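Heads up, the thing below is written out as C-alpha cells.
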Amino acid sequence: MNYKTLLLEIKDHVAIVTINRPDKLNALNAQTINDLDSVFDELKINNDVYIIIITGSGEKAFVAGADISELNKLDVVSAKEFSEKGQAVFNKIEKSDKPVIAAVNGFALGGGCELALACHIRFASETVKFGQPEVNLGIIPGYGGTQRLARLINTGRATEYILTADMIDTNEAHRIGLVNKVYPANELIENALVMANKIAAKGQQAIRYAMKSIRAVNEVSLKEGQNLEASLFALCCGTEDFKEGTSAFLEKRKPVFKNK
Ligand code: COA
C-alpha cells in the first residue's frame, strides 16, 4: 500500500517506515497519524515482516511534534478526540508483537518523543534532541508522554523535562536510559538494521512471546506477569523452533528456525 506521508521499504524480513514530511520536520498531522495506524495494520498481517524500524526523513528531524498548525484549531471536544486517536495509534505500536526499533535521527519533540517512547528499542544519532515542549504552547503531552516518559526515565526526571520543556541531548538521553545506543548519524540506520537482522535470525515465535511477556510489565502485577511468562514459556516448548533450537545446541550446529 502507498502512504501519503510515509515511505515503506521491506527487505529481508525488516520493514523500514520513514515519516516523510521533511519540509515540516516530519511533524505529525492527522494524515500521518492515520498513515501510521494503517501501516501498522499492514505490517501486523504481513508474515514476511519480523521487525520494524521507524525513522524520519531528512537529516534534521525524527519528528518535531504534532503539527502545530492543526493543534492551533483544536477545541475542547476535538482535542479529546485528537489525543485519544494519537494514543490509540501509539498503543498499537507499543502492543506490536513484532519488535519496533526507533532510529531517532534528529529532533524528537512532543509527539516525536512520544512516538519514540512507544517503540520498544531506541537508537539515536549523536546530535538528537528529545523533549516534551508542549507547555511552551499552553498544553501538556497528549500522546502518552506523561505516562511513558515517567515510566521509562522515572517520575522525577519526567516531571522536570515536561515542566521546563528543556531539551535532552543524546548523551543525557543515553545516561538516563531514554535511548539504548548512540551512533554517528551516517551509521544509525545501518546499526538499527544490524540489530533487526540479529533479531530476525531467531525463532520468531519465541521473539513474539518474549514481546508479549515483557509488555505485561506495565500492565499487570508481578504475580500475573510471572503467570503469563510461565504460560508463554510453556507455549514455546510446543513449537518446532524449540525442538530445533535445543537439538541444534546439543548437536553442536547452528539452528535453522522455521518460525513454527
Ligand atoms: N508543527 C508544524 N510545523 C512544524 C513543526 C511542528 N511541530 N515543527 C517544525 N515545523 C515547520 C516549521 O514551521 C517550518 O515550516 P516553514 O518552513 O513552512 O515555516 C519548518 O518545519 C522548519 O522548521 P523551523 O522552525 O524553521 O526549523 P528550525 O531549525 O529553526 O527549528 C525546531 C527547529 C524543531 C526547534 C522548531 O521547528 C520547533 O520548535 N518546532 C516545534 C517543536 C514543538 O513545539 N513540538 C511540539 C508540538 S506539540
Margin query: Rounded to whole Å, give me the distance from the Cα center of the range 125-146 to that of the range 242-260.
Written below: 45 Å
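Rounded to the nearest 20 Debye, what is the dipole magnitude of the chain about its Cα centre when Lys and Arg each give +1 and Asp and Glu each give -1 at the C-beta? It would help to have the intermediate numbers written out before the result.
Details: 31 positive and 32 negative charges, 163 e Å.
In debye, rounded to 20, the chain gives about 780.
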Note to self: With a cut-off of 8 Å between alpha carbons and a minimum separation of six or more residues, what is the relative contact order of the range 125-236 in percent?
What the structure shows: 25 percent
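Using the crude model of +1 on Lys and Arg Cβ and -1 on Asp and Glu Cβ, and no other charge, please compute the dipole size for the range 76-128 relative to its Cα centre, in debye to 20. Please list the in-between numbers first.
Details: 6 positive and 6 negative charges, 25 e Å.
Its charge dipole is roughly 120 debye.
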Checklist line | Carbon/sulfur fraction of accessible area - the chain, other protein chains in place, 1.4 Å, % | finding: 55 percent
Next item on the list: Using only the alpha carbon atoms of the chain, find the Kirkwood hydrodynamic radius as the inverse mean reciprocal pair distance, in angstroms to one decimal.
Entry: 19.2 Å
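Rounded, prolate or oblate: which one fits the range 8-88, using the alpha carbon gyration tensor with axes a ≥ b ≥ c (rounded when a/c is under 1.5, else prolate when a/b beats b/c, else oblate)?
Values: a/c = 3.65, a/b = 1.56, b/c = 2.34.
Note, shape of the range 8-88 comes out oblate.
From the mean inverse distance of alpha carbon pairs (Kirkwood) and the Cα radius of gyration, derive Rg over Rh for the range 102-168.
Using Cα coordinates only, the ratio equals 0.93.
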Next item on the list: Work out the charge dipole of the chain with +1 on the Cβ of Lys and Arg and -1 on the Cβ of Asp and Glu about the Cα centre, then indicate which of Q226, I140, C237 is farthest towards its positive end.
Entry: C237
Note to self: How much accessible area per residue does the chain have, counting only protein heavy atoms and a probe of 1.4 Å, in square angstrom?
What the structure shows: 53 Å²
Checklist line | Farthest toward positive dipole pole in the range 14-117 [+1 Lys/Arg, -1 Asp/Glu at C-beta], among V104, I53, A27 | finding: V104
Next item on the list: May I ask which of K24/K129; K80/K181; K85/K258; K4/K202 have a Cα-Cα span longer than 28 Å here?
Entry: K80/K181; K85/K258; K4/K202
Next item on the list: Positive end of the charge dipole of the chain (Lys, Arg +1 and Asp, Glu -1 on Cβ, about the Cα centre): tell me which of A201, L163, A124 has its Cα farthest that way.
Entry: A201
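Can you tell me, using C-alpha contacts under 8 Å and at least 6 residues apart, the relative contact order of the chain as a whole percent? Walk me through the numbers on the way to the answer.
On the way: 452 pairs, mean separation 39.8, N = 260.
That works out to 15 percent.
Go through 3-14, 211-222 and give me the packing order, highest mean Cβ count within 10 Å leading.
Values: 3-14: 15.9, 211-222: 13.3.
Result, highest mean first: 3-14, 211-222.
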Checklist line | Gap separating the Cα centres of the range 1-34 and the range 190-228, nearest whole Å | finding: 24 Å
Notebook entry, point to check: What value, in deg cm²/dmol to 500, does the helix sum -39500 (n - 2.57) over DSSP H runs of n ≥ 4 give at 222 nm once divided by the residues of the chain?
Noted result: -14500 deg cm²/dmol
Notebook entry, point to check: Per residue and in cubic angstrom, what volume does the convex hull of the Cα atoms of the range 160-208 have?
Noted result: 109 Å³
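If the only charges are +1 at each Lys and Arg Cβ and -1 at each Asp and Glu Cβ, what is the size of the charge dipole of the range 183-260 around the Cα centre, to the nearest 20 debye?
Values: 12 positive and 9 negative charges, 53 e Å.
Computed charge dipole of the range 183-260: roughly 260 debye.
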Note to self: Just to be sure I understand the model, the point goes 7 Å from the Cα along the line to the Cβ. What's the resulting A248 to E224 distance in nm?
What the structure shows: 3.5 nm
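The values are calculated or read from the model by the stated rules, or taken from the named source; none is laboratory data. On a predicted model such as this, the values are computed, not experimentally measured, just so you know. Backbone-built Cβ (ideal geometry, glycine too); neighbour counts: all protein chains shown. Quick note on the areas: whole protein, heavy atoms, side chains included, nothing else; ligands and nucleic acids left out. Shrake-Rupley method; radii C 1.70, N 1.55, O 1.52, S 1.80 Å.
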